[in-house]
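Structure first, then comments.
What follows is calculated from the coordinates using simple rules that are stated; it is not laboratory data. Model, not experiment: these values are computed from the prediction. When we count neighbours, we look across all protein chains shown, and the Cβ atoms used for this are built from the backbone with ideal geometry, even at glycine.
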Amino acid sequence: MTDASTDEPEVLVEQRGQLGLLTLNRPRAINALTHDMVRVLSETLTRWRDDDTVARVAITGAGDRGLCAGGDVVSLYQSATTGDLAGPADFWRDEYRMNALIARYPKPVVAIQDGLVLGGGIGVSAHASHRVVTERSRLGFPETTIGFVPDVGATWLLSRAPGGSGIRLGLTAEHIGAADAIHIGFSDVFVPSDRLPALLSGLESEEPAAALAMLAQDAGPSPLAAEMTEQADAFAQPTVARIVDALRQHGGSAVADRILSKSPLALAVTLEALRRALSLEDLEDALAQEFIVSMNALRAPDFAEGVRAQLVDKDRNPRWQPAALAGVTLAEVEAFFVPGPAGTLALRTPSKETA
């Protein structure tokens, strides 16, 4: 599939020496994922898995704005407003299977998390075996801003981040830099952006550990880790309302305000999804849960309203339903975890190869 704006393939597939290189190639859209891109990534990874001439894989993004700004949200918005959810169901089935494929890949996968890496961009990178950030990296899950819930394995990653930091990122939808990404477990190593060409060149003949050892630098201290020393107790509270109250009592009013600007229903469902993910056995279980939640979120009014306010009309004034946390009921939240018309997502267990 080609990018209509450039007549170029949406994913560039190359082999350089022993390196299989996948380049997301929609730079004008900050390489936002389409269904065709997911198919190409999955098909290529599956082919390379059994190709002895490919020893390792790298995933990067075209242009200098970012690896990937997420999924094609406008397309999902169109489906939500028309009520035709077959397309999104197929997209998420394939995307989440791709996330699991990357996580269980038998060969090293080096993800270059340069620039913006949001939502689906984290799905194609944070499950890789070697995750590289730069001084330009900005990672995050913006879902609650548009009335949605973090997915692509986010609930697995965020629920296991240290000191409540994952809960904070899931609720606030804030972006983090290189040091924070390494601290919370989204990334592994810092390489300055001007050294990325040398890294890709080195990967043509060297294993990732050796290539990275020559180029990696210290990312410095994590600002988020420092802030969470005073906020960890707040994010351990059982409800979003109590988290907000605790933040205000301990100097975290700015963070509390950021949370309250998001969809109240999406906030409550996100917190519940993270709590449930913490007790799940593996990433595949988290992805299966996320499929159910994502389909239900698409059917709820806040997603279409959030996208309208942020990306369509751009008035930045969403009319959430309900408008405040106090209006969210337990029954509404629990309903998000009940399979709808699209059913469930079946993934192979970790003991088997993920296809």
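The table that follows gives values for the structure above.
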| read-out | value |
| --- | --- |
| Whole-Hz couplings from phi, Karplus 6.51/-1.76/1.60, listed for the range 314-321; x for Gly and Pro | 6, 8, 6, 9, x, 9, 6, 10 |
| Candidates 234, 181, 100: whichever shows maximal mean-square fluctuation once the chain is modelled as a Gaussian network with Cα springs under 10 Å | 234 |
| Calculated from backbone phi, Karplus (6.51, -1.76, 1.60) coupling profile of the range 96-103 in Hz, x at Gly/Pro | 5, 5, 5, 4, 5, 4, 4, 5 |
| Kirkwood Rh (inverse of mean 1/r, distinct Cα pairs), the range 244-323, angstrom | 14.3 |
| Sorted by Cβ density within 10 Å, fewest first, the residues 67, 260 | 260, 67 |
| Farthest positive-ward along the chain dipole, Cα basis, beta-carbon charges - from 32, 108, 18 | 32 |
| Gain upon complete extension [residue 90, residue 232; 0.36 nm per residue less C-alpha separation] | 47.3 nm |
| Which of 51, 218, 72 has the fewest Cβ neighbours within 10 Å, and the rest in rising order | 218, 51, 72 |
| Spread of Cα-to-Cα distances over 10 Å intervals beginning at zero, given as percent, for the range 192-294 | 12, 26, 22, 26, 14, 1 |
| Highest-first arrangement of 121-128, 291-298, where packing means the average Cβ count within 10 Å | 121-128, 291-298 |
| Over the range 293-337, relative contact order from alpha-carbon pairs under 8 Å, at least 6 apart, % | 38 |
| The chain: calculated mean residue ellipticity at 222 nm from DSSP helix runs of at least 4, using -39500 (n - 2.57) | -12500 deg cm²/dmol |
| Fewest-first sequence of 214, 37 by Cβ atoms within 10 Å of each Cβ | 214, 37 |
| Rounded to 5, percent antiparallel among DSSP beta bridges of the chain | 35 |
| Alpha-carbon radius of gyration plus Dmax, which is the widest Cα pair, for the range 172-248 in Å | 17.7, 54 |
| For the range 2-335: Kirkwood Rh in Å [reciprocal of mean 1/r, alpha carbons] | 20.2 |
| Percent RCO, i.e. relative contact order, over the chain, from Cα pairs under 8 Å lying at least 6 residues apart | 17 |
| Long-range HN-HN contacts of residue 147 with modeled amide H, under 5 Å | 263 |
